[in-house]
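This report refers to the structure that appears directly beneath it.
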Amino acid sequence: MAHIAGIDLPKDKRIVIGLTYIFGLGKSLAQEILKKAGVEENIKVKDLSMEQEKALREIIQNDYIVEGELRTQRTLDIKRLMEIDCYRGIRHKKSMPVRGQRTHTNAKTRRKRRR
């Protein structure tokens with residue numbers, strides 16, 4: 001089982017799909033990473049050699065922001081918006097939809113009271 005960026009990748013999936021289990025990596029980024037590392041997309045995670053796994057780990061670690069670092073960066077961005085009192089920050093404070101969705105009939109889950 002491959003362990004990359006603190007995540008255990010599922011061993012029975014193809015590597016291109018397995019990389020999407022890492023927070024911050026989608027399918028297109030996974031394909032780009034595999035191309036840089038010289039690994040085929042159709043290889044299963046359990047069939048990766050140690051060299052291929054090491055190459056993937058180094059590329060992800062050096063070139064991309066993933067997992068915990070990305071989560072903290074996102075929360076700091078939201079806090080910054082709330083501090084400067086821009087429209088999006090005010091919407092975050094009020095727990096309302098941020099990106100222009102209607103609230104008259106929809107957005108029930110975003111508007112519900114917290115217990």
Next on the checklist: Are there helices (runs of 4 or more DSSP H) fully within region 56-115 with at least 3 residues that are in contact with a Gly (Cβ under 9 Å, 6 or more places away or on another chain) and closer than 26 Å to Ile4 by Cα? List them.
Outcome noted: 67-83
Checklist entry - Looking only at region 86-112, which residues are loosely packed, with under 11 Cβ neighbours inside 10 Å and modelled with pLDDT of 95 or more? => result Tyr87
Item to check | region 1-51: number of residues that are farther than 21 Å from Gly68 by Cα, outside any loop (DSSP other than H, G, I, E, B) and not β-branched (Val, Ile, Thr) | outcome: 12
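The values are calculated or read from the model by the stated rules, or taken from the named source; none is laboratory data. Keep in mind that what you see is a predicted model, and the values were worked out from it rather than measured. Note that we place each Cβ from the backbone using ideal geometry, even for glycine, and neighbour counts take in every protein chain shown.
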